[in-house]
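The values are calculated or read from the model by the stated rules, or taken from the named source; none is laboratory data. Every value quoted in this text rests on a predicted model; they were computed, and no experiment measured them. FYI the Cβ positions are ideal-geometry reconstructions off the backbone, even for glycines, and counts take in every protein chain you see. Accessible surface is based on the protein model in full, side chains and every heavy atom, while ligands, DNA and RNA are left aside. Shrake-Rupley method; radii C 1.70, N 1.55, O 1.52, S 1.80 Å.
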Amino acid sequence: QVQVVESGGDLVQPGGSLRLSCAASGGIFSRYAMGWYRRAPGKQRELVASISSGGTTSYAESVNGRFTISRDNAKDSVYLQMNSLNTEDTAVYYCNLYPPRWDSWGQGTQVTVSS
């Protein structure tokens, strides 16, 4: 079972940037495709970005060009660089395998974009 711990969320002004981190344990990290997901208030959880074991990335249309997902297999970690944040990016952000496993959700990290 892969376990994850997300960090890096914060309160940021519109137009600002944040970098989220996700530390994984309990499996052979380099073999897994990973994803960042988010749940905004009153909405269902959605996929934001994914990265394959080989480093191929994919993004939701709403964040394409603003967010960048990356991974460091030596550190069993995946990252989400978020630029040009706007209020619609306010959500709890989670990482998980891609596709997600029901038993690998972490606590998430809160990102709030507000002036």
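Calculate the dipole size of the chain relative to its Cα centre from +1 charges on Lys and Arg beta carbons and -1 charges on Asp and Glu beta carbons; express the result in debye to the nearest 20. Working shown, then result.
Values: 10 positive and 9 negative charges, 29 e Å.
Roughly 140 debye for the chain.
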Whole-Hz Karplus ³J(HN,Hα) for the range 63-73, in order, using 6.51 cos²θ - 1.76 cosθ + 1.60 and θ = phi - 60°, x for Gly and Pro? 10, 4, x, 10, 10, 9, 9, 8, 9, 10, 5
Could you tell me whether the chain comes out rounded, prolate or oblate from its Cα gyration tensor? Rule is a ≥ b ≥ c as square roots of the eigenvalues, rounded for a/c under 1.5, then prolate if a/b exceeds b/c, otherwise oblate. prolate
Dividing the mean separation of Cα pairs under 8 Å (6+ apart) by the residue count of the chain yields a relative contact order in percent of 38
Inter-part gap, Cα centre of the range 22-43 to Cα centre of the range 61-95, in whole angstrom, is 11
List the residues whose amide H sits under 5 Å from the amide H of Gly9, counting only those 5 or more places along or on another chain, with H placed 1.01 Å from N in the peptide plane. Gln110
Highest-fluctuation residue, Ala74, Ala24, Ala40 considered, GNM on the chain with Cα pairs under 10 Å: Ala74
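With a 1.4 Å probe and every protein chain left in place, work out the accessible area per residue of the chain in Å², rounded to a whole number.
On the way: 6190 Å² over 115 residues.
Ligands and nucleic acids excluded, the figure is 54 Å² per residue.
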Hey, what do the phi angles of the range 90-101 turn into as Karplus ³J(HN,Hα) couplings, whole Hz, using 6.51/-1.76/1.60 and θ = phi - 60°, x for Gly and Pro? 4, 4, 8, 9, 10, 10, 6, 5, 10, x, x, 9
Karplus (6.51, -1.76, 1.60) ³J(HN,Hα), θ = phi - 60°, over the range 45-51, in Hz, Gly and Pro reported as x: 5, 9, 6, 9, 7, 9, 9
How large a share of the accessible area of the range 1-113, in percent, is made up of carbon and sulfur atoms when the probe is 1.4 Å and the other protein chains stay in place? 45
